[in-house]
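Q: For reference, the structure I am asking about is given below.
No value in this document is a laboratory result; all are computed from the given coordinates. Given the structure is predicted, the values throughout are model-derived calculations rather than measurements. Cβ placement follows ideal geometry from the backbone for every residue including glycine, while neighbour counts extend to all protein chains displayed.
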Amino acid sequence: RRQKKTASHAVTELENTKDCSQAGKPLFCPSHPTEELRLFCEQCDQPVCRDCIVDRHRQHPYDFTGNVIHRHGDALRELLKGTQQHMGTLESALSQIDGMGSAIRSRTEAVATEVCLFASGYVKAIEEHRDRLLKQLEDLKVQKENLLHLQKAQLQQLLLDMRTGVEFTERLLTRRLLTSGSDLEILITKGVVASRLAKLNSVAYNTHPSVDDGIHFSPQERAGQYCGYEVFGAILNKVVDPARCTLHGEDLHSARQNQLTGFTLLCCDTTGERMGRGGEAVRVTITHKDKRDCAVKPTACDNGDGTYHISYSPEEPGLYAVCVYVKGQHVQGSPFTLMVKNKFREHQGVFHCCTFCSSGGQKAARCACGGTMPGGYQGCGHGHKGHPGCPHWSCCGQVKESSECLSGPSSDISQRSLLRTVAL
């Protein structure tokens, strides 16, 4: 009632609307309280009274409420039917959402159980792997200590033998100076003493410890599977020694322009034994000795077995300096010189026995070997004078089939004759 638009409206308590006696009472116009609402304005879509039709709803289409109720009721029923369908869809959607919520909670609990089982199994596998690593480390320590004890016992026994021999010899020589007649004793025992000392002097022994403390733990090393889980971490007894790493390859010191080539790096430990695993920090530089801005970018491929394949393709011929580093130190044979030759020239002719045979008896066919035949033939012939005596290339005269062509642009042989020989 405080609102301007609804100040004259009749307001009824909600409890009073339940009384059916109110349904049959007439409804009066809010604007004209003495007039009953019996008409319906089609344009404004609301019930009106006679005064409203004369006043505010003048020239608006209207009709009695009893005439339009069926039409508007049918429209409301159609809307009600559509709304009821949406309500069924929404109720079904809400039921599905509730069911999905329950499924998510059930699935979450099941996955949580799987995660806990996985984590506990993983922890168990890691603990077992830890115990194996510690046992392996303990066995390695005992092995190294036993070798050191054995070497120590051998050296102590050798030192004792030498000390005994030295003391006996010194007493024998000192006695000669104090008493007479000891010369004969020295001469009698000389052979035995000299043999003993010579034998002690010839014993080979190592002045360095037979083992080292090269024990390392590599957390990135794959250690296989334990209880179905992949675990990492390994005890490494070998340590790479750059001074014992070697380079191998037929084309180590020579290469061709724009041709892919390479060599192999073999990594070894301090005892010269092959590492048998990869993961080392390998770096290779290839720089031109005459052109400072000319360098080759090599590619180092870790084979995982202690070997590394270094491949490269030089673009410029000339002399190069190659440096191979392992852990920042030069390997054995590094740096070394690399000679890059010009691009391999392929043969443009044919590998034949003679021009006469390869050209089908053409007199104008020539050959780079310089051989000629009598009777006006300008090329070489099988069994005739001038034939080099073995198969050869018609473009340059090379007698080796797998060879580089030696012919150049300044060749004095007729290119037309050569092309004809090639075609034939």
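Q: Aspartates and glutamates near K141 by alpha-carbon distance under 18 Å, same-chain residues fewer than 8 away left out - which ones?
A: D131, D212, D213
Q: Cα atoms only: what Rg and Dmax, in Å, come out for the chain?
A: Using the Cα atoms of the chain, the pair Rg, Dmax is 53.8, 171 Å.
Q: Given the rule -39500 (n - 2.57) for each run of at least 4 DSSP H residues, summed and divided by the residues of the chain, what is its mean residue ellipticity at 222 nm, to the nearest 500 deg cm²/dmol? Display every interim value, and only then the final one.
A: Numbers: 5 runs with 152 residues, N = 424.
The per-residue figure over the chain is -13000 deg cm²/dmol.
Q: Using the Kirkwood formula over every pair of different C-alpha atoms, what hydrodynamic radius in Å results for the range 345-406?
A: Working: mean 1/r = 0.0891 Å⁻¹.
After inverting the mean inverse Cα-Cα distance, the result is 11.2 Å.
Q: Turning to a different aspect of this structure: From the phi angles alone, apply the Karplus equation (6.51, -1.76, 1.60; θ = phi - 60°) to the range 164-169 and give each ³J(HN,Hα) in whole Hz, x where the residue is Gly or Pro.
A: 5, x, 5, 5, 5, 5
Q: Between the DSSP loop rule and a limit of at most 13 other Cβ atoms within 10 Å, which GluC sites (Glu not before Pro) in the range 230-324 are left? Write out the running numbers ahead of the final one.
A: Working: sites: E230, E250, E273, E280, E315; in loops: E250, E273, E280, E315.
Those that pass, being in a loop and sparsely packed, are E250, E273, E315.
Q: Rounded to whole Å and sorted largest first, list the principal axis extents of the Cα atoms in the range 193-344.
A: Taking the Cα atoms of the range 193-344, the three principal extents are 71, 60, 24 Å.
Q: Next question, about the same structure. Where in the range 127-158 does the label zone of A223 land, with the point 7 angstrom along Cα→C-beta and an amide N cut-off under 16 Å?
A: 127-141
Q: While we're here: Report the Cα centroid-to-centroid distance between the range 257-284 and the range 22-84 in angstrom, as an integer.
A: The two parts, judged by their Cα centres, are 99 Å apart.
Q: In degrees, nearest 10, range 0 to 90: what is the angle between the Cα axis of helix 182-201 and the longest Cα principal axis of the chain?
A: 30 degrees
Q: Any lysines with Cα under 23 Å of the K144 Cα? List them, leaving off those in the same chain fewer than 8 positions away.
A: Leaving aside lysines fewer than 8 places away in the same chain, those within reach of K144 are K135, K152, K238.
Q: Now a separate question. At what distance in angstrom do the alpha carbon centres of the range 192-252 and the range 147-171 lie from each other?
A: First find each Cα centre; the distance between them is then 27 Å.
Q: Let me ask another. With θ set to phi - 60°, apply the Karplus curve 6.51 cos²θ - 1.76 cosθ + 1.60 along the range 242-256 and write out the HN-Hα couplings as whole Hz, x wherever there is a Gly or Pro.
A: Using θ = phi - 60°, the values come out as x, 5, 9, 6, 10, 10, 9, x, 5, 9, 5, 10, 9, 7, 10 Hz.
Q: Let me ask something else about it. Assuming R0 = 41 Å, what is the FRET efficiency of Q43 and I97, from their Cβ-Cβ distance, to the nearest 0.05? Present the calculation step by step, with values, prior to reporting the outcome.
A: On the way: r = 44 Å, r/R0 = 1.06.
Approximately 0.40, to the nearest 0.05.
Q: Kindly rank 292-301, 98-107, 234-243 from highest to lowest mean number of other beta carbons found within 10 Å of each residue. Don't skip to the answer; put the middle values down first.
A: Details: 292-301: 13.2, 98-107: 10.3, 234-243: 17.7.
Per-residue Cβ counts within 10 Å, averaged per peptide and sorted highest first, yield 234-243, 292-301, 98-107.
Q: Hey, another quick one. Sort 345-354, 216-225 for me by packing, meaning the mean count of neighbouring Cβ atoms within 10 Å per residue, highest on top.
A: Details: 345-354: 17.7, 216-225: 11.6.
Top to bottom by mean Cβ count within 10 Å: 345-354, 216-225.
Q: Report the equivalent ellipsoid semi-axes for the range 208-291 in whole Å, largest first, defined as the square roots of five times the eigenvalues of the gyration tensor built from alpha carbon atoms. Don't jump to the answer; show the numbers that get you there.
A: Values: eigenvalues 226, 76, 25 Å².
The answer is 34, 20, 11 Å, longest axis first.
Q: Starting from the Cα of K400, draw a straight line to each of the lysines and keep only those under 30 Å, dropping any in the same chain fewer than 8 residues away.
A: Straight-distance partners of K400: K341, K343, K363, K385.
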